[in-house]
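Here the structure comes first, spelled out in structure tokens, and everything after it is commentary.
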Amino acid sequence: MTNKRSTPPISALDQNLALSSLEPDQLVGAKKHPIPRRHLKAPELLILWTLRIYLIFMTAVVAYQVWLAAR
Amino acid sequence: MKPAAQPEIVVTHEDVDRAHDRVRVSAARAHRGFSSQARLLWLLAGPGVLVMLGENDGPSMLSYAATGARFGIGFFLPFVALTFCVAIIVQEMTVRLGAATHRGHAELIFDRFGPFWGWFSMLDLGIGNFLTLITEFIAVRAGLGFFGVPAWLAILVALVILYAALVSHRYWTWERITLAAAAFNLVFIPVALMTHPRWHSVGHSLITWQPLPGFNKDTLLIVLADIGATVTPWMLFFQQSATVDKGMTTKDIRFGRIDTVLGAALASVAAIATILATAPLFAHQMTADNFQAAEFAQALQPIIGRFGASLFALGMVEAGIVAAITISTSSAYAFGEVTHKPHSLNLPMGEGKSFYAVLTLCAAAAAGIVLIPSLPLVYVVLVVNVVAVLAMPPALVFLFMLVNDKEIMGTFVNPLWANVLAAAVVFILTAAGILFGISIIAPNIFAALGGK
């Protein structure tokens, strides 16, 4: 196991092991590039707007309950 | 869809640790036969078992115990098993998402649906997880209270175990330590055996779903609570992130499914055993509606003896500790995924300061709150339930949309039959959650059904 406390430099052997054992998009470096935003179609936009309305409603309900309890 | 090609490949310690784990998987896969398949299962099992046994948390085990004490052996035995089947359908999707995209749930929501939903998911999960963590430490405190352990020492023990699992800074070691702790959830099986259940009645109930409980407000609320507790947001986020952290790929999806089914089987057996263990209290017509862990253990002591009651109390302690470990880890994963900070249990401390800080501080803060005298426990549990209702529909909708996203899932997108099944499950879980939330917020609405 690698000594984690001092985080020593990675050997060439380990570099090769990582590059050969992991899929390219498994590497931490690859994950720094975000996956492109999804182009939402009308039904998906409708779902997200429904979610927003639901959240506003539920947040108000929760806030009301907290206010009631605090009283 | 793959991210744009990176100009330079930088290998990190996290990559190297994950690569070592993958080498062992590849070596096992290179052989044929039962032993190599068993070794593959040993290497690849983990996230599914942990998420299912983690969901058998303190409040859930108390709920199963209360179910046994209130209804005895009957409808709820097969019903609880069915709820775990529902959990399998949902959690399997997170395995595929993690293996196909190598990204966590919060990260995918952030990238695919934008920062608003990404931040919302993370904050919503974080608040819900924090409140749930409080209830886990309450379970630990109550369980160890049976042995006369003072509250501060009980909480300290739980935190030491949580932090001990982290010290190696290796996902593999963390997973094995947590799995070993989670295996203790099965302690409810010997406790159930000590009550000498009538196996004929148990078999009859599992097959016929009889006797049915009387249909009233209380029964409906327990049914809704059980359905609503089947899948909680942290489970989706945790299993997908753990699948990614473990380094699983699309080749491992079959074992990811086996892992999930195995976890559900173990968790449902433990849940049914808990109902069986407290069923004698129903026979003695003991009111156990508001019992805590220690009170259940004390009530069972005349029936199963001091040793059996001690096992029951220890089981509650385990349930709280394992859930505290997995839930705090899911918060840390989600924070790292949304803020694009390093997030892995393979990170050395120096590289993963924010990840470990979120994980440890969440747990420590929740543990500290439990030590506050005259804490309004009932209110905390109420808020936990309401927040879960708030969080669950968005989490399920995003899961459904992501697992049907061909650009990121490719050939691993949901087939039609799986979509029909998943849509039904999403609808039922969402409706049950909302109904349960309404029952908490406005209990008078259900008064028309009768009951107390």
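Some values worked out for this structure:
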quantity: Test: residue in region A:4-14 that is at the interface with another protein chain (Cβ under 9 Å from one of its Cβ atoms), at pLDDT 90 or above and in a loop (DSSP other than H, G, I, E, B); calculated: no
quantity: Pairs, first in contact (Cβ under 8 Å) with a residue 24 or more places away in the chain in region B:107-129, second of a type in the set (S, T, N, Q), C-beta under 6 Å, six or more apart; calculated: B:I109/B:S121; B:G126/B:S331; B:N129/B:S331
quantity: Sole exception among (1) out of contact with any Cys (no Cβ under 8 Å at 6 or more places or on another chain); (2) at pLDDT 90 or above for B:I127, by number; calculated: (2)
quantity: Total residues in region B:92-104, condition part of a helix (DSSP H, G or I) and within 13 Å of chain A (Cβ to nearest Cβ); calculated: 5
quantity: Residue among B:L390, B:L382, B:L402 that is at pLDDT below 85 and within 23 Å of B:H105 (Cβ to Cβ); calculated: B:L390
quantity: All helices (runs of 4 or more DSSP H) inside region B:13-91 with 1 or more residues being within 14 Å of chain A (Cβ to nearest Cβ) and surrounded by 24 or more Cβ atoms within 10 Å (Cβ to Cβ); calculated: B:13-29
quantity: Complete set of residues in region A:32-47 that are facing chain B (nearest Cβ under 10 Å), in a loop (DSSP other than H, G, I, E, B) and either touching a Ser or Thr at 6+ places or on another chain (Cβ under 9 Å) or under 25 Å from B:F427 (Cα atoms) (or both); calculated: A:I35, A:R38, A:H39, A:L40
quantity: Residue in region B:214-234 that is surrounded by 24 or more Cβ atoms within 10 Å (Cβ to Cβ) and modelled with pLDDT of 90 or more present; calculated: yes
quantity: Criterion violated by B:S168 - all others in (1) without any contact (Cβ under 8 Å) to a residue 60 or more places away in the chain; (2) more than 23 Å from B:F238 (Cα to Cα) satisfied; calculated: (2)
quantity: Filter pass, B:M401 being facing another protein chain (nearest Cβ under 9 Å), under 17 Å from B:F113 (Cβ atoms) and either crowded, with 18+ Cβ neighbours inside 10 Å or in contact (Cβ under 8 Å) with a residue 60 or more places away in the chain (or both); calculated: yes
quantity: Qualifying residue in region B:420-430 (condition: polar (S, T, N, Q), touching a Lys or Arg at 6+ places or on another chain (Cβ under 9 Å), farther than 17 Å from B:E92 by Cα and in a helix (DSSP H, G or I)); calculated: no
quantity: Residue within region B:315-335 that is within 11 Å of chain A (Cβ to nearest Cβ) and within 23 Å of B:W234 (Cβ to Cβ) present; calculated: no
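The values are calculated or read from the model by the stated rules, or taken from the named source; none is laboratory data. Source: prediction; values computed, not measured. In this analysis, Cβ positions are derived from the backbone assuming ideal geometry, glycine residues included, and neighbour counts consider all displayed protein chains.
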